[in-house]
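Derivation of every value follows stated rules applied to the coordinates shown; laboratory data play no part. All values reported here derive from a predicted model rather than from experimental measurement. Quick reminder, even Gly has a Cβ in these numbers, built from the backbone with ideal geometry, and neighbours come from all protein chains shown.
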Amino acid sequence: MITETTIPSLDIAAIRRQFPVLQREVKGHPLVYLDNAATSQKPKVVIDALVDYYSGYNANIHRGIHTLAEEATAAFEATRDTVARFINAASREQIIFTRGTTESINLVAQTWGRQQVNKGDEIIISGMEHHSNIVPWQLLCLEKEAVLKVIPVLDNGELDMDAYKALLSPRTKIVSIVHVSNALGTVNPVKEIIDAAHRQGAVVMIDGAQSSVHLDIDVQVLDCDFFAMSAHKVYGPTGIGVLYGKKELLDAMPVFQGGGEMIKEVSFEGTTFNELPYKYEAGTPNIADTVAFKAALDFVTETGKDRMRQHEDQLLAYATDKLQQLPGLRIIGQAAEKISLVSFIIDGIHPQDIGILLDTQGIAVRTGHHCAQPLMHRFGIPGTVRASFAVYNTMEELDRLIAGLQRAIKLLA
Ligand code: 7TS
């Protein structure tokens, strides 16, 4: 039987060699990259896929009958199949390519939302959302005179699930929730959230920007209605992402953008629209990055998400233990279910000053509000320092982070 402790561990040194940028120095020190929640670094297979596409078979897709167009179309559509497997969608036509999580959420708000949400209806989000899962719903509420309800966050960084259940009502049209918080690392109980919403007849959108690289995603088991993710947080290129939706919802929703590819027949009297998934993919898509996205997903699958997660859990436990020993340091977000990142503040030192000092030692962390300003207000802080982990990070790198912070405390506190 395979249990968690019997998963063979990864050869991290060999993995690191696959990431060219990890070989560089910053300000005279070997780079320590701990800003993976913002974007992960790219393995050589992903960079090669981009170069191969542009140097071997660059062509516009779907419309051409020549060899290059056929090769480009096949590579582009192969990514759709790989994404469908990656999140266990029932069919490939439920995978819509977007620019990323932000565009996926906006697409749902502006199509499903405009069609389904009316005056007095309610939309539920949480107090730990990224701005991209707040603002699209605020805009919709303004337009439709609908009401935005917010699930409170507890002191330990978990959602107040009792408050959530009390917020749900027959007026709730959609619940849009982050799977894993980019500012706290909290893993939210999305299955429970989805089931409770469905009992009230509401649909659920899951923001999978942070979860998709660390957790096994099965959209059919979750039974979510929509799921959004970005390739660049899964070792893939920027500028490409995914919207998954249930087929009956995607079929019934109005179109998003108008243009080429999303049409069946155009005349000046009227236009009929293409079938899924092309109905939502107007214009020439981001072909190169979509092609390379497949290489990123294959990298994750071949490396093994369970083994990556095991390594990242060890990094999190080690970092949490060492950080807690630093004087004046407070970790923000101590949820029982937490992954891949640690957010903290240090008494008397502004997070930005810590970030600048760490950069002089070649250590990349993110500081600030992490596009979650309401969450920062909730904790009464301007921002945090965030160290976020990927499969290529090591304990030695965390030791360098701790040494850098000790130096910051000595110099700045
Ligand atoms: N949702 C969550 C939970 C995120 O972490 C991010 C990006 C987004 C949505 C938006 O994703 P995008 O690919 O469309 O930009 N988060 C971060 C971050 O934590 N630091 O930089 C970007």
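Annotations for the structure displayed:
- Span-rule helices in the chain, defined as complete DSSP H runs reaching 18 Å or more along the axis (Cα) with Kyte mean at least 1.0: none
- Over all other residues within a Cβ to Cβ distance under 13 Å of residue 133, the charged ones net out to -3, with Lys and Arg as +1 and Asp and Glu as -1.
- If you take the Cα centroid of the range 231-272 and the Cα centroid of the range 136-192, the two points sit 26 Å apart.
- Whole-number D in µm² s⁻¹ for the range 291-354, Kirkwood Cα-pair radius fed into Stokes-Einstein, 37 °C, 0.692 mPa s: 233
- Quotient of Cα Rg and 2.2 N^0.38 Å for the range 82-126, N being how many residues it contains: 1.44
- Phi angles of the range 26-38 translate, via the Karplus equation with coefficients 6.51, -1.76, 1.60 and θ = phi - 60°, into HN-Hα couplings of 10, 6, x, 10, x, 4, 10, 9, 10, 10, 6, 6, 6 Hz per residue; Gly and Pro are given as x.
- Proxy reagent accessibility, fewest Cβ within 10 Å first, across 124, 345, 331: 331, 345, 124
- Cα-based Rg of the chain normalised by 2.2 N^0.38 Å, two decimals: 1.02
- Gain on full stretching of the segment that runs from residue 81 to residue 62 - 0.36 nm per residue minus C-alpha separation: 5.3 nm
- Computed over the alpha carbons of the range 267-315, Rg followed by Dmax gives 19.1, 62 Å.
- For the range 266-274, Karplus couplings with θ = phi - 60° (6.51, -1.76, 1.60), whole Hz, Gly/Pro x: 10, 9, 6, 7, x, 10, 10, 9, 5
- Simple point charges give the picture: +1 on the Cβ of Lys and Arg, -1 on the Cβ of Asp and Glu, and for the range 48-301 a dipole about the Cα centre of about 420 debye.
- Straight-line cross-link reach from residue 144 at under 26 Å between alpha-carbon atoms covers these lysines, not counting any fewer than eight positions away in the same chain: 119, 165, 173, 246, 247, 279.
- Antiparallel DSSP beta bridges within the range 48-301, as percent of all bridges there, nearest 5: 50
- Net charge of Cβ neighbours under 12 Å - reference residue 78; Lys, Arg +1; Asp, Glu -1: 0
- Relative contact order of the range 1-152, defined on C-alpha pairs under 8 angstrom at six or more residues apart (%): 12
- Taking amide H atoms as placed 1.01 Å from N in the peptide plane, the amide H of residue 234 lies under 5 Å from those of 40, each 5 or more residues away in sequence or on another chain.
- Antiparallel bridges, percent of DSSP beta bridges restricted to the range 202-284 (to nearest 5): 75
- Neighbour counts of other Cβ atoms within 10 Å put 77, 143 in the fewest-to-most order 143, 77.
- Dipole moment magnitude, nearest 20 debye, the range 52-169 about Cα centre, only Lys, Arg, Asp, Glu C-beta charged: 320
- Descending semi-axes in whole angstrom, ellipsoid equivalent of the range 22-160, from the Cα gyration tensor: 36, 27, 13
- Residue-averaged [θ]222 nm for the chain, counting only DSSP H segments that reach four residues, each worth -39500 (n - 2.57): -11000 deg cm²/dmol
- Estimated at 0.36 nm per residue, the fully extended path between residue 320 and residue 364 surpasses their Cα-Cα distance by 14.1 nm.
- Near residue 172, the amide H atoms lying under 5 Å from its own belong to 122; only residues 5 or more places off or on other chains count, and H is placed 1.01 Å from N.
- Among 333-341, 269-277, 231-239, sorting by the average number of other beta carbon atoms lying within 10 angstrom of each residue, highest first, gives 231-239, 333-341, 269-277.
- Under 5 Å from the amide H of residue 149 lie the amide H atoms of 123, 124, 125, each residue being 5 or more positions distant or on a separate chain, with H modelled from the backbone and absent for Pro and chain starts.
- Site pair residue 11 and residue 403 shows an inter-label distance of 2.7 nm when each label is modelled 7 Å from Cα along Cα→Cβ.
- For 264, 305, order by how many other beta-carbon atoms lie within 10 Å, fewest first: 264, 305
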